[in-house]
Amino acid sequence: MRRFTLIAVPYLWLLALFLVPFLIVLKISLSDYALSIPPYAPTLDFSAGWQGIKDLLSKLDFENYVFLTEDALYWKAYLSSLKIALISTVLTLLVGYPIAYGMARAAPEWRPTLLMLVILPFWTSFLIRVYAWMGILASEGVLYQFLSFLGIVDEPLKILSTNTAVYIGIVYTYLPFMILPIYAALEKMDDSLIEAAEDLGCSRMSAFWLITIPLSKSGIIAGCFLVFIPTIGEFVIPSLLGGSDTLMIGKVLWEEFFSNRDWPVASAVAIILLLILVIPIVLFQRNQQLQREAEG
Amino acid sequence: MNQKVFAPWDDPNQKPLIQFQNVTKKFGTFTAIDDLSLDIYEREFFALLGPSGCGKTTMMRMLAGFETPTSGTIRLSGQDLGQTAPNKRAVNMMFQSYALFPHLSVWENIAFGLKRESKDKDAIAARVEEMLRLTRLGKFAKRKPHQISGGQRQRVALARSLAKSPKLLLLDEPLGALDKKLREETQFELMDIQEKTGTTFVIVTHDQEEAMTVASRVAVMDEGRLVQVATPADIYEAPNSVYVADFIGDVNIIEGNATPDGDRVRIDWAEGQPAIWGTAQKPVASGERISFAIRPEKVTISKEKPEDRRNLLEGEVIDIAYLGNISTFHVKVGNGQIIKAQSANTRRLANRDITWEDRVWLTFTETAGVLLEG
């Protein structure tokens, strides 16, 4: 009985905070737009009892999903989000791997400090940090002033309100999520493995490709998923740093909810986004599972 | 018997495979290797023996190319190794931690070095099979390192380092992680494999028994210097210093003043105690302070006073260490010094006639011990 209670806690948590909200969103996505509060119909009539639920279910349909396939904006936004997430993940990996590698090779007494420096930005609000980037990247912002002081540029920068700014923002924001798992994998690695590889005829470079990279694979995969998954639905960075041509599904979702007040369509967009995210999340879980088995 | 004794170090016509010439290695202000010269010959099984921090691992890492000497030269078959990178040396190393690649199977681990030489696939496969046979690992070829036992991992590490048929194989504490029983078995296996492949082995160990068992010659090191380089028998029977005598096996050291008398030396070691007699290996000055080293197994213990013995000490049994096959008696002689004497337990324990607090006589021949300076 006690064991049951113990297991019940996380399940109740998931039920209350994940499954119930999910079912509400799913229900709204199957409803119709209405000029009312809340702005959709039908709503559940509790006084009608069983008959009420039956009536409700009979009025639900997949109209909103059909609409999503008809308007090119939506699937373009999904594709564009995937593309931006993919490119950002690769960029974050390219920036994060050398940092993680440098940290893992640093003298042991320096490692806690370096780790601290990676985590330190989290102590400031995410929004403030993104706003700070607006100040840096603005056409006559901090970066422009610095570069023109060096004599590298002579006309205002065109970075803010472009996809480049979005990439910079995403790489900056999600870098720690890439560095930490890779660092964890590299730090565990025995230095004598590299020496053994060199002893057996590897150059420094081939030892890196044949030993270091495969042994940090689980960290690379974990880091990529940790960046890729939240980036797909990212909303703040594209709205603040991106321009009108930056198309991301998170932004579309926001506009449907708050500008158009079309909750049913917005919910349908959210449900599809969730389904798209399930695939990488399942793959991520599998990777973690395989890693645990390999270590066990 | 016309069998030739393997002793290339006594043959002036033999060219050494490895030559250390006045090699010094410093780490900052710490001198790890101090002006050391050493020749190692082909087909030798050479052991570097010493306590931790004596520089034996540094010697090995310089041979492998992971460290370069601060001064002096190291030659391999007459060629200066100098700055040659580890991957360009005909030297392979078996690491103390084995350093097996965890993401590769046993087969791929052994093939790793061969693939770097870009040999054709069939030749690699044939060589890996040969190594698997040699180390009796055939059944485990497809397993990953974490799926096999410690002893098997040790054999994979050996097979991997032998696969490229190096001129010289370095073994860093190769048996350190194995339990005693397995270690003893593996020692003989190592010797067997060394003989079969004809490779020169240099082994680093802190375990004197291991060095004595496997090696053709042993170098005893202390603080970056070679104290003695000799065959195991010479190291044991004729140590050149108190340090070596004390480091290898069990020993009684008796200090005293020497008086030469023909080829014998009289040692007055304690007031009121009969002098003891030893044999000088080299001339001893009269009145020189000297240490007489004698192994416990060369000291005979008895309850009756033996006749006609020049070296005769009387004492009391303080302690008995029963080791099954032998017993070590700790005997306190006149001036309070403890002398250890060993005897084989040829009879059952219940029949042993010497026990605690017995008055006993210790004797040894005049040639049983060695005289050491200081």
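Ignoring ligands, DNA and RNA, please state the percent of accessible area on segment A:38-93 from carbon and sulfur, probe 1.4 Å.
C and S fraction of accessible area: 70 percent.
What is the sum of charges around residue A:100, taking Lys and Arg as +1, Asp and Glu as -1, for the other residues whose C-beta is under 15 Å from the C-beta of residue A:100?
Summing Lys/Arg as +1 and Asp/Glu as -1 gives +3.
With +1 assigned to the C-beta of every Lys and Arg and -1 to the C-beta of every Asp and Glu, and no other charges, what is the dipole magnitude of the protein assembly as shown about the Cα centre in debye, to the nearest 20?
That gives the protein assembly as shown a dipole magnitude of about 1400 debye.
Using R₀ = 30 Å, calculate the FRET efficiency as 1/(1 + (r/R₀)^6) where r is the Cβ-Cβ separation of residue A:116 and residue A:292; round to 0.05.
My answer for the efficiency is 0.65.
What are the ³J(HN,Hα) couplings of segment A:209-222, residue after residue, when phi is run through the Karplus curve with 6.51, -1.76, 1.60 and θ = phi - 60°? Round to Hz, x for glycine and proline.
5, 8, 10, 4, 4, x, 6, 9, 3, 4, x, 4, 5, 4
Tell me the relative contact order for segment A:146-296 as a rounded percent, counting alpha carbon contacts under 8 Å between residues six or more apart.
Worked out over segment A:146-296, it gives 27 percent.
So what is the calculated 222 nm ellipticity per residue for chain A, using -39500 (n - 2.57) for each DSSP H run with n of 4 or more, over all residues, to the nearest 500 deg cm²/dmol?
That comes out to -22000 deg cm²/dmol.
List, in order, the whole-Hz ³J(HN,Hα) value for each residue of segment A:59-72 obtained from phi through the Karplus relation with A = 6.51, B = -1.76, C = 1.60 and θ = phi - 60°; use x for Gly and Pro.
Ordered by residue, 3J(HN,Hα) equals 8, 7, 8, 9, 3, 5, 5, 4, 4, 4, 6, 7, 8, 4 Hz.
Rounding to the nearest 10 and keeping the result within 0 to 90°, find how far the Cα-based axis of helix B:150-162 lies from the longest principal axis of chain B.
The angle comes out near 60 degrees.
Exceeding 25 Å between C-alpha atoms, which entries from my cross-link table qualify? They are B:305/B:340; B:303/B:332; A:59/A:251.
In this structure, A:59/A:251 lie more than 25 Å apart at Cα.
What is the angle, in °, between the Cα long axis of helix B:180-197 and the longest principal axis of the Cα atoms in chain B? Nearest 10 is fine, range 0 to 90.
Result, in degrees: 60.
If R₀ is 35 angstrom, what is the calculated FRET efficiency for the pair residue B:297 and residue B:73, using the beta carbon separation as r and rounding to 0.05?
For R0 = 35 Å, the calculated efficiency reads 0.25.
Quick check: pseudo-label points 7 Å beyond the Cα along Cα→Cβ at residue B:133 and residue B:149, how many nm apart are they?
Distance between label points: 2.4 nm.
Name the residues whose placed amide hydrogens come within less than 5 Å of the amide hydrogen of residue B:280, ignoring near sequence neighbours (fewer than 5 apart) on the same chain.
Residues meeting the amide H criterion: B:265.
Show that you can apply the helix-only estimate: for chain B, add -39,500 (n - 2.57) for every DSSP H stretch of four or more residues, divide by all residues, and state [θ] at 222 nm to the nearest 500.
-6500 deg cm²/dmol
Which residue fluctuates the most in chain B, going by a Gaussian network model with Cα springs under 10 Å, if the choices are B:99, B:341, B:215?
B:99
What are the residues whose amide H is under 5 Å from the amide H of residue B:252, where those residues sit 5 or more places off or on another chain and H is modelled from the backbone?
B:294, B:295
State whether the protein assembly as shown is rounded, prolate or oblate according to the following rule on the C-alpha gyration tensor (a ≥ b ≥ c being the square roots of its eigenvalues): a/c under 1.5 gives rounded; otherwise a/b larger than b/c gives prolate, and the remaining case gives oblate.
Verdict is prolate for the protein assembly as shown.
Find how much the distance from residue A:123 to residue A:152 grows on full extension, using 0.36 nm per residue of separation minus their present alpha carbon separation; answer in nm with one decimal.
7.1 nm
How much length would be gained if the chain were fully extended between residue B:119 and residue B:271, taking 0.36 nm per residue of separation minus their Cα-Cα distance, in nm to one decimal?
47.2 nm
Please report the relative contact order for segment B:250-373, taking Cα pairs under 8 Å with a sequence separation of at least 6, and give it as a percent rounded to a whole number.
Once divided by the residue count of segment B:250-373, the mean separation gives 31 percent.
Counting only protein heavy atoms, probe 1.4 Å: which residues of segment B:70-90 lose 20 Å² or more of accessible surface in the full assembly compared with their chain by itself?
B:86, B:87
Nearest 100 Å² is fine: what is the total accessible surface buried where chains B and A meet, probe 1.4 Å?
1700
Could you tell me how many degrees, from 0 to 90 and to the nearest 10, lie between the Cα long axis of helix A:2-14 and the main elongation axis, the longest principal axis, of the Cα atoms of chain A?
Between helix and principal axis, roughly 80 degrees.
The values are calculated or read from the model by the stated rules, or taken from the named source; none is laboratory data. No experiment lies behind these values; they were computed from the predicted model shown. Here Cβ is always computed from backbone atoms with ideal geometry, including for glycine, and neighbour counts include all displayed protein chains. Remember, those area values only see protein heavy atoms, side chains included, never the ligands or the DNA or RNA. Shrake-Rupley method; radii C 1.70, N 1.55, O 1.52, S 1.80 Å.
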